[in-house]
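Enquirer: My structure is below; once you've seen it, I'll send some questions.
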Amino acid sequence: MQEKVLEILSQEVTNFQKLSDKLKEVVVDFDARSLKSILKYLREEKITIEFDKKIIYVPSLELKEAFAHSNLNHALWLEDSLNTNKYGIAEHVNIDDLSVFNKSDTLPGSKVKYTELEKNQKKYAYVLDCELTQDLKVIASFNGRNFVGLNNAVLYKFRNIKPIEGVNKDDIVEFTISSTKDEIVKDLTKLGNIKDKGIEGVIIKKIYDLNKFNNNLTNQLEKEINKESIKLKSEKSSLDVDFFTIDAATTKDVDDAIGIKKLNDGYELYVAIADVSSLIKKDSVEDKNALEMSTTYYLKNEKIHMLNKSISEKFCSLNIGEPKKSLIYKAVLNQDGKIVEEKFLNDVINVKYKVSYKDIDALFNNQEMTESFFEKDGKVEAIQNISDIDKLVLKNKLVDLEELTSKLKKSVNRGYYMTNTDYLLNENGKIEKIELDLRDSSLSQQLVEVSMLTANIGAANFLKNNYPYIGIFRNQKKWDEEENEKPKAAFYQEENEGHFGLQEESYTHFTSPIRRYCDLLVHRLIKGIINEDKPSYTKEDVDTIANKSNWNSYVAKQVEIREEGLLYNQYLQELVNTNKMSHKFQIEDFTENGIVLRNKQCIDVFLPYFKVNRKIQDYCLENVNTKNKVECLEEINHNWQFKVFLDNFNWLEDRKDLTVNFYDKNQYKKEEKPQI
């Protein structure tokens, strides 16, 4: 029967049912199980492939050659030339190129043979063969049968590498795959086990070579810091403003402080930002190192600082009770919250209150503050020791800021509906539980966010109006909400193009020079305007900085997503192993491709529409472009109940065996039980 199968497939592209019907006409005692066995053999031998439910005969295809590129996560695409690091990870952002369809068969960093196929009016590359043209570094874990690559989230299986003595299940190893074929695996090193604290960071730092960054201080700068620290102790502010910082209780690198004055006819808002540029001089060793990083990298178990800790957490950090140099945005606003005057000042400030987000929310709910501090007469004391009068002064200032915030607050188009989640880690650095991250909706977060947005917008307008030919802006292109298009990523650029999500004609980053290099650049440009200096940067300089910052911002986001993915899969594995996963889910979002379900443990499950109850599918597709999606989600959850059973899961697998039950609450009966 195999000869007949090949004869039919060589003449036309077909599906299983049509192939079966044709074979029944020419094969005596046709057996569907035998046909399935034949097709499985042909797939394994790469004589046929299956694409979009069709069986395709490979010898009839036109094959091309290219190189496979990947990011740290799921993106995998082809380019004509190889531009990856030693782990096969692209050193640029170019994911709009031809995307790979069969990702799990494709080794990043390899030369591939592929064919172009089309599905839903989009072209894909189907990879048929991979060959290394240079040695490839691999970080992998052993799943008991195969080594599974962790270089990206696709989890490529190295089926031709046999178990190695001394390497046990869930161990993390690094080795080199030779391109010469003389030796498949060489230089094997054991890095640890997936259960080790911080192993996720070890993996990621190696793949993106984050260990290369150097933020050590030169002897010259250390001497300058000591000298300036002594000098600052006697510095006094020319401003009659009480500043307070609002951060998490554990925050050590404090970029910003806020001051507020209630006037008879409006308000004065002060946003003081650490004056890093007064210490880190342009083109100094520390400046070049900071530019090379462009941003601070935040891992769950550690932080990789853009600037040395002695700068970011001590000398420049706006710590309570310590005089600090600051670049200050001052806005005068009328009773309606409309800005009537804004300017930038270079001055020294002394933070009077160090307040945590938690304590601000507690204060506005008439609860005790327990995490904050205040300064009085040169002494810093716990907030519990504050007098009733001083406590009232602080509360009045926060009430004034809340009043102004409500007038300044605007709708920010983030382009998504799902509530973000927050991972709470245990002492072993693994997820203890996942909670909804409601910080964006808390009053304390809004007080800070609105103040920082106002200062960032003010900085962008200041640059645009005073340096019309040189500036750096945070732009975001418009996306088509009617077509349910995904939001475009924001990016740094020398030219101002506006920010669609914020609905602002000009926007930049000014408020975090300790953590972002572009903010440091903005400070230098603003101080140049204040001091009436000629621009110290050319357009070409700014363009170079913008490109480097865009790339490093992209890498930092990839690092965050990848680490969370590794932690999440381990957490899910633990829930499955202990049978503690809650089976009751609600719909959290829907798109043109499917629905997302979430349970109380914040476990998310994506279901494509062909696996969804038809009534729900029709309703979602009918409302996919609605501007009232929240109401639609409430409607579905009111009428339907979802139960999800994870029948089999391995943290090193890119697939999950699910059973999903759909219950119509109005009918009190089970509608479907599809196997997924």
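Enquirer: Evaluate segment 530-576: find the radius of gyration of its Cα atoms, find its Kirkwood radius, and give the ratio Rg to Rh.
Expert: Reported Rg/Rh, Kirkwood definition of Rh: 1.44.
Enquirer: Which of the GluC sites (Glu not before Pro) across segment 577-669 are loop residues per DSSP, with 16 or fewer other Cβ within 10 Å?
Expert: Here the sparse-neighbourhood loop sites are 592, 653.
Enquirer: For residue 107, what charge total do you get from the other residues with a beta carbon under 14 Å from its beta carbon, if Lys and Arg give +1 and Asp and Glu give -1?
Expert: +3
Enquirer: List the equivalent ellipsoid semi-axes of segment 98-214 in whole Å, largest first, each obtained as the square root of 5λ for an eigenvalue λ of the Cα gyration tensor. If you can, show how the numbers build up before the last one.
Expert: Values: eigenvalues 147, 59, 44 Å².
Taking √(5λ) for each Cα gyration eigenvalue gives 27, 17, 15 Å.
Enquirer: Right, next: With a 1.4 Å probe and all protein chains left in place, how much of the accessible area of segment 1-154 comes from carbon and sulfur atoms, in whole percent?
Expert: With neighbouring chains kept in place, the figure for segment 1-154 is 42 percent.
Enquirer: Work out from phi, with θ = phi - 60° and the Karplus expression 6.51 cos²θ - 1.76 cosθ + 1.60, the ³J(HN,Hα) of each residue of segment 494-508, listed in order in whole Hz, and give x for Gly and Pro.
Expert: Karplus-based 3J(HN,Hα) across segment 494-508 equals 5, 8, 8, 10, x, 10, 5, x, 8, 6, 10, 6, 9, 8, 8 Hz.
Enquirer: Roughly how much of residue 105 is accessible, in Å² to the nearest 10, using a 1.4 Å probe?
Expert: 80
Enquirer: Could you tell me what percent of the accessible area of segment 280-398 is made up of carbon and sulfur, with a 1.4 Å probe and every protein chain present?
Expert: C and S fraction of accessible area: 47 percent.
Enquirer: Please list 610, 373, 67, 51 in order of solvent-accessible area, largest first, computed with a 1.4 Å probe with all protein chains present. Write down the numbers at each step before the final one.
Expert: Values: 610 155, 373 80, 67 35, 51 10 Å².
Largest accessible area first, the list is 610, 373, 67, 51.
Enquirer: What is the set of long-range amide H partners of residue 51 at a cut-off below 5 Å, with H atoms built 1.01 Å from backbone N?
Expert: Long-range HN contacts for residue 51: 56.
Enquirer: Further question on the same structure: Which distance in nm do the two modelled labels at residue 557 and residue 388 give, with both placed 7 Å along the Cα-to-Cβ direction?
Expert: Inter-label distance under the simple model: 5.2 nm.
Enquirer: Right, here's the next one. Leaving ligands, DNA and RNA out of it, rank 313, 224 by accessible area with a 1.4 Å probe, largest first.
Expert: 224, 313
Enquirer: Counting Lys and Arg as +1 and Asp and Glu as -1, what is the net charge of the other residues whose Cβ lies under 12 Å from the Cβ of residue 559?
Expert: On the way: positive: 205, 206, 300, 303, 557, 562; negative: 200, 209, 302, 560, 563, 564.
Within the 12 Å Cβ shell, the charges total 0.
Enquirer: Separate question: Could you tell me which trypsin sites (Lys or Arg not before Pro) in segment 221-295 are loop residues by DSSP with no more than 16 other beta carbons within 10 angstrom of their beta carbon? Could the numbers behind the result be given before it?
Expert: On the way: sites: 223, 227, 231, 233, 236, 252, 261, 262, 281, 282, 288; in loops: 233, 236, 252, 281, 282.
Filter output for segment 221-295: 233, 236, 252, 281, 282.
Enquirer: Could you list, in their original order, any pairs among 409/548; 314/539; 352/557; 252/281; 236/314; 233/288 whose Cα atoms are separated by more than 25 Å?
Expert: Details: 409/548 32 Å; 314/539 33 Å; 352/557 34 Å; 252/281 23 Å; 236/314 19 Å; 233/288 29 Å.
Listed pairs above 25 Å: 409/548; 314/539; 352/557; 233/288.
Enquirer: Please calculate how many Å² of accessible area the chain carries per residue, with a 1.4 Å probe and no DNA, RNA or ligand atoms counted.
Expert: 50
Enquirer: Take every Cα-Cα distance within segment 208-263, group them into 10 Å bins from 0 onward, and report for each bin the whole-number percent of pairs it holds.
Expert: Calculated over all Cα pairs of segment 208-263, the distribution is 15, 25, 37, 16, 5, 0 percent.
Enquirer: Express in nm, to one decimal, how much length is gained between residue 52 and residue 406 on full extension, taking 0.36 nm for each residue of separation and deducting their alpha carbon distance. Write down the numbers at each step before the final one.
Expert: Details: separation 354, 0.36 × 354 = 127.44 nm, distance 5.15 nm.
Answer, rounded to one decimal: 122.3 nm.
Enquirer: Test of understanding: extend the Cα→C-beta vector of residue 26 to 7 Å, then name every residue of segment 47-78 with backbone N under 20 Å from that spot.
Expert: 47-49, 54-61
Enquirer: Using only Cα atoms, what Kirkwood radius does segment 3-100 have, in angstroms?
Expert: Values: mean 1/r = 0.0625 Å⁻¹.
The answer is 16.0 Å.
Enquirer: Give me the percent of accessible area attributable to carbon and sulfur for segment 502-584, probe 1.4 angstrom.
Expert: C and S fraction of accessible area: 45 percent.
Enquirer: A further question on this structure: On a C-alpha basis, how far is the centre of segment 48-87 from the centre of segment 332-385 in Å? Whole number, if you could?
Expert: 55
Enquirer: I would also like to ask the following. Which of the GluC sites (Glu not before Pro) across segment 118-203 are loop residues per DSSP, with 12 or fewer other Cβ within 10 Å?
Expert: Values: sites: 118, 131, 165, 174, 183, 200; in loops: 165, 183.
Of the GluC sites (Glu not before Pro), the ones in loops of segment 118-203 whose Cβ has at most 12 other Cβ atoms within 10 Å are 165, 183.
Enquirer: Quick one: Debye curve from the alpha-carbon atoms of segment 255-383 only, equal weights, vacuum; give me log10 I(q)/I(0) at q = 0.11, 0.13, 0.16, 0.18 Å⁻¹ to two decimals.
Expert: -0.54, -0.74, -1.03, -1.17
Enquirer: Could you list log10 I(q)/I(0) for the chain at q = 0.06 Å⁻¹, which the Debye formula gives when each Cα is one point scatterer?
Expert: -0.44
Enquirer: At 0.36 nm per residue, and after removing the present C-alpha to C-alpha distance, how many nm does the segment from residue 222 to residue 65 gain when stretched out fully?
Expert: Taking residue 222 through residue 65 to full extension adds about 51.1 nm, to one decimal.
Enquirer: In vacuo Debye scattering of segment 141-188, one point per C-alpha: log10 I(q)/I(0) at q = 0.19, 0.25 Å⁻¹?
Expert: Log10 of I(q)/I(0), two decimals: -0.60, -1.03.
Enquirer: Rounded to the nearest 500, what is the chain's calculated 222 nm mean residue ellipticity when only DSSP H runs of at least 4 contribute -39500 (n - 2.57) each, over all residues?
Expert: Numbers: 13 runs with 190 residues, N = 676.
Mean residue ellipticity, 222 nm, calculated: -9000 deg cm²/dmol.
Enquirer: Please report the accessible area of residue 581 (heavy atoms, 1.4 Å probe, ligands and nucleic acids excluded) in Å², nearest 10.
Expert: The accessible area comes out at roughly 20 Å².
The values are calculated or read from the model by the stated rules, or taken from the named source; none is laboratory data. The structure presented is a predicted model; accordingly, all values stated were derived computationally and were not measured. Because the Cβ atoms are built from the backbone with ideal geometry, glycine has one as well, and the counts that use them run over all protein chains shown. When the accessible area is computed, the model is the full protein with side chains, heavy atoms only, and any ligands, DNA or RNA have been set aside. Shrake-Rupley method; radii C 1.70, N 1.55, O 1.52, S 1.80 Å.
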